[in-house]
Amino acid sequence: MIIQNLQLKNFRNYSECSIDLCEGLNLLTGRNAQGKTNLLESIVVLSTTRSHRIAEDQKMIRNQSDFSILTCIYNSEGNQHNLKVILHRKGKTLMKDGYPVMKTSDFIGEIHTVLFTPDDLRIFTDSPKERRKLINQVITGVSKSYMNALGKYQTLLKERNILLKNERVDESLLLVVDDQMAVAEAAVYQIRKEFIDFINTWIGKIYERLSDEKTDLKIRYMSQSDSSDPAVLMQKRKAVLKRDLEFRVTTTGIHKDDIIFEKGGVNMIDTASQGQKRMVILSFRLALLLYIKEKTGKKPVLLLDDVLSELDHIRQVRLLNMVAEKYQCIITATELPPFIRNLKYRQFHIEDGMVKEIREGENERR
Ligand SMILES: Nc1ncnc2c1ncn2[C@@H]1O[C@H](COP(=O)(O)OP(=O)(O)O)[C@@H](O)[C@H]1O
Ligand SMILES: [Mg+2]
């Protein structure tokens, strides 16, 4: 999957822009606050329908404008398509190939992206809820059955918690809910486990290739459910029924799952340096590229926001060598990395929401 063209109208600090991207490395350069992250954000919105930075869509509409239009033309398995997201003051409209798409879930998954930003270090210190969100976002992008099972579980969980809040709890009704919940829970557990197993076959290898440091880096899946058998999950829920009744809430289940990054069986949050943590998350993101490709048969687009400058020279080279010829990469940086000349790339300079392609040799004259 290749994004061939991106057009923005009244998005963030862009009034109007159109940019033709190449299949390999695309470098967006420019000083701070010129619109580099905004451009990556627009691609994230086209991929997931929402921003990775803010919850409120309307904040992305250019100041003093009433709407934003984001359009991309992309090539998927030899066919050209286009996607459009229109943000209005009262909501948004999604379109594919000129037709409105009513369900968000039908829009997500057209363009797959993997984004890595300096903010990603937060994954270590965030709450388990944020880590679950991250996992859910990745898997729902590639699996409708996961999306359905998770949605069902969340609906039933809400119903169950309402039942538990009643003055007198109807235990037979609770049992009916539990029965259905165990089926959805088993499916979610199974797919999450497969996801983590897949990542674990790659994350250590990628880390080693990037940093030349031997490691047995692994993600540990922390789940109280720990089974993909609905009957077992029913039993587990029965065993904590007394506690649930006492606390008037569902105290266990896959809504409490978490992941831990471990090296040698030790949680890295306490032992790893900032630099190592950055490499861990970068390796995790790169493993996601492989996961998405495996599940969808399509190559995702890699978005790297301002991260080259945080890596030493040799790691920058290793990273770009690893991805540049395999994936479409869109990378922001304040300056062009010096070794980039050895690679094929396209450069776009961004200044105050205006994008200009820099042709070879033009940098010397600037
Ligand atoms: N809704 C908006 N309307 C107009 N300008 C905006 C809007 N949101 C953000 N900006 C501007 O975008 C700029 C920041 O762009 P950003 O892409 O984050 O910069 P960088 O190039 O450092 O990544 C700031 O100047 C900010 O004022
Ligand atoms: Mg930025």
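Throughout, read-outs are computed from the coordinates displayed, never taken from laboratory work. All values derive from a computational prediction rather than experimental measurement. So basically every Cβ, Gly included, is an ideal-geometry build from the backbone, and we count neighbours across all protein chains shown.
Structure remark: mean-square fluctuation, Gaussian network model of the chain, C-alpha springs under 10 Å; the largest value among T117, T140, T250 belongs to T250.
Computed 3J(HN,Hα) for the stretch 6-21, one whole-Hz value per residue from the Karplus formula 6.51 cos²θ - 1.76 cosθ + 1.60 where θ = phi - 60°, is 10, 10, 10, 10, 6, 10, 6, 8, 9, 8, 7, 7, 9, 9, 9, 9, glycine and proline marked x.
To the nearest ten degrees, helix 128-142 and the longest principal axis of the Cα atoms of the chain are 70 degrees apart. Relative to the longest principal axis of the Cα atoms of the chain, the long axis of helix 36-48 makes an angle of roughly 40 degrees. Among the listed pairs K263/K299; K129/K152; K92/K144; K193/K295; K129/K326; K59/K144, give every one whose C-alpha distance is greater than 26 Å. Correct reply: K263/K299; K129/K326; K59/K144. Its residue count N sets the reference 2.2 N^0.38 Å, and the alpha-carbon radius of gyration of the chain equals 1.09 times that reference. Label-to-label distance, Q154 versus K96, with points set 7 angstrom from Cα along the beta-carbon direction: 2.0 nm. Each residue of the stretch 120-295 gets 116 Å³ once the volume of the Cα convex hull is shared out per residue. For the residues L233, L174, L150, a GNM of the chain with alpha-carbon springs under 10 Å puts the largest fluctuation on L174.
Between L134, L308, L217, the GNM of the chain built on Cα springs shorter than 10 angstrom shows L134 fluctuating the most. Modelled this way, with points 7 Å down the Cα-to-C-beta line, the labels at T104 and T334 are 3.6 nm from one another.
The simple Förster model, with R0 at 25 Å and r as the Cβ-Cβ distance, assigns Q180 and E294 a FRET efficiency of 0.25.
Seen against the Cα atoms of the chain and their longest principal axis, helix 144-165 is set at about 50 degrees. Each part gets one Cα centre, and for the stretch 201-235 versus the stretch 132-191 those centres are 23 Å apart.
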